[in-house]
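S.K.: Just passing along the structure, written as structure tokens.
The values are calculated or read from the model by the stated rules, or taken from the named source; none is laboratory data. If you're wondering where the values come from, they're calculated on a predicted model, not measured in any experiment. Positions of Cβ are backbone-derived with ideal geometry, glycine not excepted, and every protein chain shown enters the neighbour counts. Note: accessible area is taken over every heavy atom of the protein model, side chains too, but ligands, DNA and RNA are not part of it. Shrake-Rupley method; radii C 1.70, N 1.55, O 1.52, S 1.80 Å.
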Amino acid sequence: MPATPAPAVTHRPDERFDEFLLAAAETHPDHPAVVEYADGAERVTTFRGLREAAERYAAELDRYGLDVGERVMIVSDTSAEAVALVLACSSRGLPFVPVSPETPAERRETIERSAEPALCLFADGEPGTAVGHGRFGPDGIEVPLPPVRRERRRRAVTPGDTAYIIFTSGTTGRPKGVVMSHRSVVAFYRGMIAEGFVSVGDRVGSTSPLQFDFSLLDIGMALGSGAAVAPVPRALLRWPTRFLKVLRVTRATHVNGVPSIWRQSLRHIPDQLAALTELRGVLFCGEEFPLGELRHLQRLRPGVRLINCYGATESMAASFAEVPDPLPDEVTHLSIGNGHRGTDILLLDPEGAPVREEGVVGEMYLRSPALMTGYWGDAGATDAVLVADPLEPRSGQRLLRTGDLAFRGADGALRFCGRRDSQVQIRGNRVEPAEVQRRLLAHPDVREAAVVVYEGPAGDAELSAFVVLGDGPAGTAESDLRAFCLRSMPAYMAPSVVRIVGSLPVNHHGKTDHRRLRAQLVTDAA
Ligand code: ADP
């Protein structure tokens, strides 16, 4: 075995993701950093314990002689071990690529082919026999067929290096990799922490899967504030009594998640929700909180701070706005504020001129030190959203063109009001209907496909697909097409209804008439 090259040197303490998050290991080593729910009890990992676990993993990663920038895919939910592993990767300049264990194998393989990780580490399940595939757990990292060592080209990890890549739904039919640098993530964390939501001793219940940047937001908010992150096991989130039990047992003082995590508890066990006396803050993200449910939550738990957290993976989040308690009856759109500290949101009309008048809709452009570096392997898509400062293009500064529309209220703060393009949120998860459509078109029997969003029976946004089959032998059923989608995409992306039709309606431009398809769904439901 060739000698292991020395790990790359690092500099500028506090500028790396792991250094920032482990700062409390110096000041509060015995405070909880991760509080897990296990068999009805809490399992606490202190900051000291987390740092030691991260150091052990980092020493093991060194055995593989990876260079700065080589990716490590992590197939796991949020756990103390997964947090230690992402910190270990960061300390060695190895971008981590988090993937949820629920991700269908085909989609995971697509992400793997795109990210080309040197290592692909699974918390559970079958890692397979591919080179670089292995497991991580309490006993360390085990990779039966280690990757071939490459010559090290990099000497130091710098703040501009990639901390992580998160794959989201993409219009091209492939998941799109958002590349974030250490500098951007730490800048985001600093801006968020300056808002002062949590402090030492708090516990932040985290409900997003590790593959969504909101889990990293939770980890940053908690650890960066000297508080603990308390991951809610994914399987228990779907059961309101179990979800609330996890919050009680882990003594969560704050919870972050998409609005729909509260729906079942509000409907079926409001008394238990009202009895969560340790809960002081609820952050919600990803989509608008239905106002009826939000007011219900306020009535049950008056005094709990409700924070509307707006943003996209490309900047982790852009703003945090506190919901007035109680929310006045006349409010129809929640404020998203004006960007968190260190950022500035510009509202532009379609001609690129700033919108000044109250109530006029424009597109939001985000100026922030926390923007993504770009989309992985897609310079064209990057240039389409990281654009020259519309106010002063000569400066070379780039802003994020969000694609999100908003207007200003009388208080000067912004109100989100939809997308410029077709991107939608399904139960808080970002979906490009075009990606679902392409998947359907990849089926050998499908000739045409259209995907529309509609309001499902539970009041949530749902996807419905209309499909025209080709001339081949008939026999493909609607359920086969849904199953075909589920093989390569998470459940929220697969259309809940697939209909086989003779033809798709077209509008007078000759384009598929999505409005008529939606109207059809409403008629059928009536
Ligand atoms: P994240 O995982 O950061 O929510 P995604 O990249 O999955 O972000 O989706 C981002 C999109 O979700 C935004 O561009 C916006 O359209 C929508 N969105 C995010 N937060 C909110 C919010 N608080 N209110 C309304 N829409 C939101």
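S.K.: So if we plug the beta-carbon distance of Asp383 and Arg499 into 1/(1 + (r/R0)^6) with R0 = 45 Å, what FRET efficiency do we get, rounded to 0.05? Please list the in-between numbers first.
M.R.: Working: r = 38 Å, r/R0 = 0.84.
For R0 = 45 Å, the calculated efficiency reads 0.75.
S.K.: May I ask you to order 236-243, 16-23 by the average number of other C-beta atoms within 10 Å around their residues, highest value first? Mind dumping the intermediate values first?
M.R.: Working: 236-243: 16.2, 16-23: 22.9.
Output ranking for 236-243, 16-23: 16-23, 236-243.
S.K.: I would also like to ask the following. I want the antiparallel fraction of DSSP beta bridges within segment 17-257, as a percent rounded to 5.
M.R.: 45
S.K.: Moving on. Can you tell me, using C-alpha contacts under 8 Å and at least 6 residues apart, the relative contact order of the chain as a whole percent?
M.R.: On the way: 1104 pairs, mean separation 60.7, N = 526.
Relative contact order for the chain comes out at 12 percent.
S.K.: Using mean Cβ contacts within 10 Å as the protection proxy, how do 320-326, 253-259, 407-413, 425-431 order, highest first? Don't skip to the answer; put the middle values down first.
M.R.: Working: 320-326: 16.4, 253-259: 23.7, 407-413: 13.7, 425-431: 21.1.
Per-residue mean Cβ counts within 10 Å order the peptides as 253-259, 425-431, 320-326, 407-413.
S.K.: Next question, about the same structure. Please report the relative contact order for segment 333-411, taking Cα pairs under 8 Å with a sequence separation of at least 6, and give it as a percent rounded to a whole number.
M.R.: Numbers: 114 pairs, mean separation 25.6, N = 79.
The value is 32 percent.
S.K.: For the chain, restrict the atom set to alpha-carbon positions and state the Rg and Dmax in Å.
M.R.: 23.3, 71
S.K.: Of the peptides 97-110, 68-81, how do they stack up when ordered by the mean number of other Cβ atoms within 10 Å, highest first?
M.R.: Details: 97-110: 18.6, 68-81: 22.8.
Packing proxy ranking, top to bottom: 68-81, 97-110.
S.K.: Would you mind classifying segment 26-88 by shape? Square roots of the alpha carbon gyration tensor eigenvalues, ordered a ≥ b ≥ c; an a/c under 1.5 is rounded, otherwise it is prolate if a/b is larger than b/c and oblate if not. Please list the in-between numbers first.
M.R.: Working: a/c = 2.96, a/b = 1.61, b/c = 1.84.
The shape class here is oblate.
S.K.: Step through the residues of segment 259-276 one at a time and calculate ³J(HN,Hα) from phi using the Karplus curve (6.51 cos²θ - 1.76 cosθ + 1.60, θ = phi - 60°), rounding each to whole Hz and writing x for Gly and Pro.
M.R.: x, 5, 5, 8, 4, 5, 5, 4, 6, 9, 9, x, 4, 5, 5, 5, 8, 7
S.K.: Could you tell me the center-to-center distance, by alpha carbons, between segment 212-273 and segment 96-118 in angstrom?
M.R.: Measuring centre to centre over Cα atoms gives 26 Å.
S.K.: Roughly how compact is segment 361-450, stated as its Cα Rg over 2.2 N^0.38 Å to two decimals? Before the final figure, lay out the partial values.
M.R.: On the way: Rg = 16.9 Å, N = 90, 2.2 N^0.38 = 12.2 Å.
Relative to the rule-of-thumb radius for its length, segment 361-450 sits at 1.39.
S.K.: Then there is this: When only Cα pairs under 8 Å and 6 or more residues apart are kept, what is the percent relative contact order across segment 17-257? Walk me through the numbers before you get to the answer.
M.R.: Values: 478 pairs, mean separation 55.5, N = 241.
Reported relative contact order: 23 percent.
S.K.: If you don't mind, there's one more thing I want to ask. Scan around Gly374 for amide H atoms under 5 Å from its own, H built in the peptide plane at 1.01 Å from N, and keep only partners 5 or more places away or cross-chain.
M.R.: Val179
S.K.: How big is the Kirkwood radius of segment 404-526, worked out from every pair of different alpha carbons and given in Å to one decimal? Working shown, then result.
M.R.: Working: mean 1/r = 0.0636 Å⁻¹.
Its Kirkwood hydrodynamic radius stands at 15.7 Å.
S.K.: Also, quick follow-up: Which percent, nearest 5, of DSSP beta bridges in the chain are antiparallel? Walk me through the intermediate numbers first.
M.R.: Details: 53 of 88 bridges.
Of those bridges, close to 60 percent are antiparallel.
S.K.: Can you give me the % of accessible surface on the chain that is carbon or sulfur? Probe 1.4 Å, all protein chains present, nothing else counted. Walk me through the intermediate numbers first.
M.R.: Values: 11450 of 22530 Å².
Roughly 51 percent of what the probe reaches on the chain is carbon or sulfur.
S.K.: Separate question: Please list the non-local residues whose amide H lies under 5 Å from the amide H of Gly403, H modeled 1.01 Å from N, same-chain partners needing a gap of 5 or more.
M.R.: Met364
S.K.: Only bridges with both residues in segment 423-525 count here: give the DSSP antiparallel percent, nearest 5.
M.R.: 75
S.K.: Another one. Under the rule of at least 5 residues apart or a separate chain, name every residue whose amide H is placed under 5 Å from the amide H of Ala449.
M.R.: Under 5 Å from the amide H of Ala449: Val468.
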